[in-house]
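Each value in this text was obtained by applying a stated rule to the coordinates, not by laboratory testing. Everything quoted here is computed from the prediction, not taken from an experiment. When we count neighbours, we look across all protein chains shown, and the Cβ atoms used for this are built from the backbone with ideal geometry, even at glycine.
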Amino acid sequence: PLRKRQATGQLGGLIQRTSKMVVLWDRNYFKKLQCVVEISTFLATHKCSDSWMNGNFLFVPIRVVTLELVLYIYHFLASVSFVLIAPLVVQSETHTSWTR
């Protein structure tokens, strides 16, 4: 508890020096005091309307991040599969007879 209190106390100085804030949000985000302090400190030290308008304060739902990660992994696996299978197809008897 003491370390957490000290870290939360120093968080304000760090947030004041930042120009942008990205919140990876889920349902439990506002249940943590530290998260509430982060957002309130950022909004108090930056012009609230400017932060919203200029994209300096961004909420990203975790589900969107998870979807992007799944799509990235799918694309990676599809690309690797294509690289591994393409030479076999190009050298196959069916392909060589079709290209003659």
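Results, tabulated for the structure shown:
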read-out	value
Residue-span extension gain [residue 45 to residue 80] - 0.36 nm each, minus C-alpha spacing	7.9 nm
FRET efficiency estimate (nearest 0.05) - Cβ-Cβ, residue 16 to residue 72, R0 41 angstrom	0.75
Simple spin-label estimate for residue 62 and residue 5 in nanometres, 7 Å along Cα-Cβ	2.8 nm
Peptides 16-27, 73-84, 33-44 ordered by average Cβ neighbours within 10 Å, highest first	33-44, 16-27, 73-84
